[in-house]
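Below: the structure, in structure tokens.
Since every read-out is calculated from the coordinates, none of them should be taken as a lab result. Just so you know, these numbers come straight off a predicted model, no measurement behind them. We place every Cβ from the backbone using ideal geometry, glycine too, and count neighbours over all the protein chains shown.
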Amino acid sequence: MDSDFSRDFLKGYQYIAGVDEVGRGPLAGPVVTAAVILDPENPIEGLADSKKLSAKRREILTEEIKAKAVAWAIGRAEVEEIDKINILQATMQAMQRAVHNLTIKPDFVLVDGNRSPPFHCPIETVIKGDERFAEISAASILAKTTRDNEMIALDAQFPGYGLAKHKGYPTKLHIQALQELGITEIHRHSFAPVRRLLS
């Protein structure tokens, strides 16, 4: 965490939720979001941007977050929704769902990045928030482990695409598999590489 990044604007708020998303860029699968309210009396060591942690470390931290957080929840938007309303709007709706699913209503929401949907309380968007706020980092880790595990499960349902390896991102292997095996119902038809193959 960036110790120089001021938390002064959060003074006076009790339940601060961090929100992050995973899966905006892939050609397949849902976009997954998480919202986490951490317990300041029960800190979690080693929280960081989920992309900078090993898969094993993320899994260990996921269990610790679920055990120690005041509240946590997952939100998502499926492929059909992404294709219908676009990935940005689907991500915003998934973020709202994650916050709505929290068992405790937050009184402040920290969102990773520079875009946020409306919530019922004050919001702050933070560029590289997963490196600056433990709440966002925890959300990033939960969202990533949730989505990665789903893509591993989908790999068994749709063999040959390499989903367990690339998690649906547009790698050379994935594009080649799409050309050879065709497009499935878990692929995002509105995304250019898939759309080109459809036409």
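Before moving on, here are some points about what is shown:
- Charge dipole of segment 8-198 about the Cα centre (unit charges at C-beta), most positive-ward option of Val79, Leu10, His174: His174
- A simple spin-label model places pseudo-atoms 7 Å from Cα toward Cβ; at Tyr15 and Arg115 they are separated by 2.8 nm.
- Distance between segment 98-153 and segment 51-86 - C-alpha centres, whole angstrom: 9 Å
- With an a/c value of 1.5 or above and a/b larger than b/c for the gyration tensor axes a ≥ b ≥ c computed over the alpha-carbon atoms, the chain is described as prolate.
- Here the chain is assigned +1 on the Cβ of each Lys and Arg and -1 on the Cβ of each Asp and Glu. Its dipole about the Cα centre then comes out at about 520 debye.
- Shown in residue order for segment 16-26 are the 3J(HN,Hα) couplings computed by the Karplus curve 6.51 cos²θ - 1.76 cosθ + 1.60 at θ = phi - 60°: 9, 9, x, 10, 8, 10, 9, x, 6, x, x Hz (x for Gly and Pro).
- With contributions of -39500 (n - 2.57) from each DSSP H run of at least four residues, the per-residue ellipticity at 222 nm computed over the chain stands at -12500 deg cm²/dmol.
- Taking Ser199, Ser116, Ser190 and counting other C-beta atoms within 10 Å, the order from fewest to most: Ser199, Ser190, Ser116
- Packing-based order for 98-104, 8-14, using average beta carbon neighbours within 10 Å, highest first: 98-104, 8-14
- Taking every DSSP beta bridge that has both ends in the chain, the antiparallel portion is near 65%.
- When the charge dipole of segment 108-155 is built from unit charges on Cβ atoms (+1 for Lys and Arg, -1 for Asp and Glu) and taken about the Cα centre, the candidate among Ala143, Pro122, Leu110 whose Cα reaches farthest toward its positive end is Pro122.
- Cross-link table Lys128/Lys167; Lys51/Lys105; Lys105/Lys128; Lys66/Lys165; Lys11/Lys167, entries beyond 30 Å C-alpha to C-alpha: Lys11/Lys167
- In Hz, Karplus ³J(HN,Hα) per residue of segment 164-177 (6.51, -1.76, 1.60; θ = phi - 60°; x = Gly, Pro): 5, 7, 9, 6, x, 6, x, 7, 4, 4, 5, 4, 4, 5
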